[in-house]
Amino acid sequence: MSELSVNHLLGIKYLNEKDIELIFKTADHFKEVINRPIKKVPSLRDITIANLFFENSTRTRLSFELAEKRLSADVVNFSAASSSVKKGETLIDTVNNILSMKVDMVVMRHPNPGAGIFLSRHVNASIVNAGDGAHEHPTQALLDSYSIRERLGEVRGKKVVIVGDILHSRVALSNIFALKLQGAEVKVCGPKTLIPKHIESLGVGVETNLKKAIEWCDVANMLRVQNERMDISYFPSTREYAQQFQLNKSLLESLDKEIVVMHPGPINRGVEITSQVADAENAIILDQVQNGVAVRMAVIYLLASKINR
């Protein structure tokens, strides 16, 4: 198979295992490219991509922008904070105005779940979901799986625990879909108030004791508490959260094995993870960042190859 089964990347739940294999194979190639002295390829010289960020982002926006520029695409950046959206313009009008400038692809982050799906039905461009509310963040899940594969050889059969604020996390949901699709075992761990009620229906286990979760897993993906999405208090205090769910050195040293530690960023050091753990040998947090560019290059390249065909 040499092309994706989809025309947009709206969520992991729309991909199949072959799609993921193709994205990773393509990312392997691009990873070689970005480690060369000349880091650019002319693959998308005639493609224009608009980055629409209706929500703050540093890492994801920079990663996409770098991926696009490495592929030699023309890039337009749009930040909602300084746009006509503030004056009441609708999402479709905003995007159609941008598309009338002959844009081929839109990378969008939006606070509303399903914004990318809505857009894909109404505009004539390839849409990449860079995070929609607490729904999905597909490229993050892809780069996470890619990083596990790189460190452990494969994802199939691995035990992965996702720890923290599962309820508000689009990273958690996309990761669950991606890991299950590739044959990993998945558990979630966190305060009961931060675990969605019907999460087991996705085929994942629930563990509220961090020590037990860490003893079980091969990989721990530590999520931050998303205070900006919380309208009520889900646990008594940050200090109490850290006492129960922080990954620290003494916890790792109590294990009779080494586990891989991940974090999608941004890290709240001293809350869900200590600096000692974040900067340790078995943490692949910076590998995730580097792999993010290669994986996003792969996604953009594969989607662009289906445009105007």
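The values are calculated or read from the model by the stated rules, or taken from the named source; none is laboratory data. Since we're looking at a predicted model, the values are computed, not measured. Virtual Cβ from ideal backbone geometry, glycine too; neighbours counted across all protein chains shown.
So for segment 30-46 (the condition being under 16 Å from the mean Cα position of the chain (by Cα) and closer than 19 Å to A141 by Cβ), does at least one residue qualify?
no
Report yes if R36 is surrounded by fewer than 14 Cβ atoms within 10 Å (Cβ to Cβ), at pLDDT 90 or above and not assigned by TED's automatic domain parsing to the domain that holds E150, otherwise no.
In short, yes.
This table checks each residue for (1) at pLDDT below 95; (2) of a type in the set (V, I, T).
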residue: C217; (1), (2): no, no
residue: N221; (1), (2): no, no
residue: V225; (1), (2): yes, yes
residue: R229; (1), (2): yes, no
residue: E240; (1), (2): yes, no
residue: N248; (1), (2): no, no
residue: E258; (1), (2): no, no
residue: M262; (1), (2): no, no
residue: N268; (1), (2): yes, no
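Return the pairs, sorted by first residue and then second, in which the second residue is among the polar types (S, T, N, Q) and part of a loop (DSSP other than H, G, I, E, B), the first residue lies in segment 267-290 and is outside the structural domain of A242 (by TED's automatic domain parsing) and over 26 Å from F64 (Cα atoms), the beta carbons are less than 9 Å apart, and the residues are 6+ apart or on different chains.
Cβ pairs passing all conditions: none.
Output yes when any residue across segment 100-117 is among the hydrophobic types (A, V, I, L, M, F, W, C), outside the structural domain of V261 (by TED's automatic domain parsing), within 22 Å of F30 (Cβ to Cβ) and touching a His at 6+ places or on another chain (Cβ under 8 Å), and no when none is.
no
Name the one entry in I285, I259 that is buried (at least 17 other Cβ atoms within 10 Å of the Cβ) and within 19 Å of the chain's Cα centre (by Cα).
So the residue among I285, I259 that is buried (at least 17 other Cβ atoms within 10 Å of the Cβ) and within 19 Å of the chain's Cα centre (by Cα) is I285.
Please identify the pairs in which a residue from segment 146-175 that is within 14 Å of M222 (Cα to Cα) and touching a residue at least 12 places away in the same chain (Cβ under 8 Å) has its Cβ atom under 6 Å from the Cβ atom of a residue that is among the charged types (D, E, K, R) and surrounded by 21 or more Cβ atoms within 10 Å (Cβ to Cβ), counting only partners at least 6 apart or on another chain.
Every condition considered, the pairs that remain are G164/E272; R170/E136; L173/E136; N175/D144.
For K192, are the conditions met, namely being out of contact with any Gly (no Cβ under 9 Å at 6 or more places or on another chain) and either under 20 Å from D287 (Cα atoms) or not hydrophobic (A, V, I, L, M, F, W, C) (or both)?
In short, yes.
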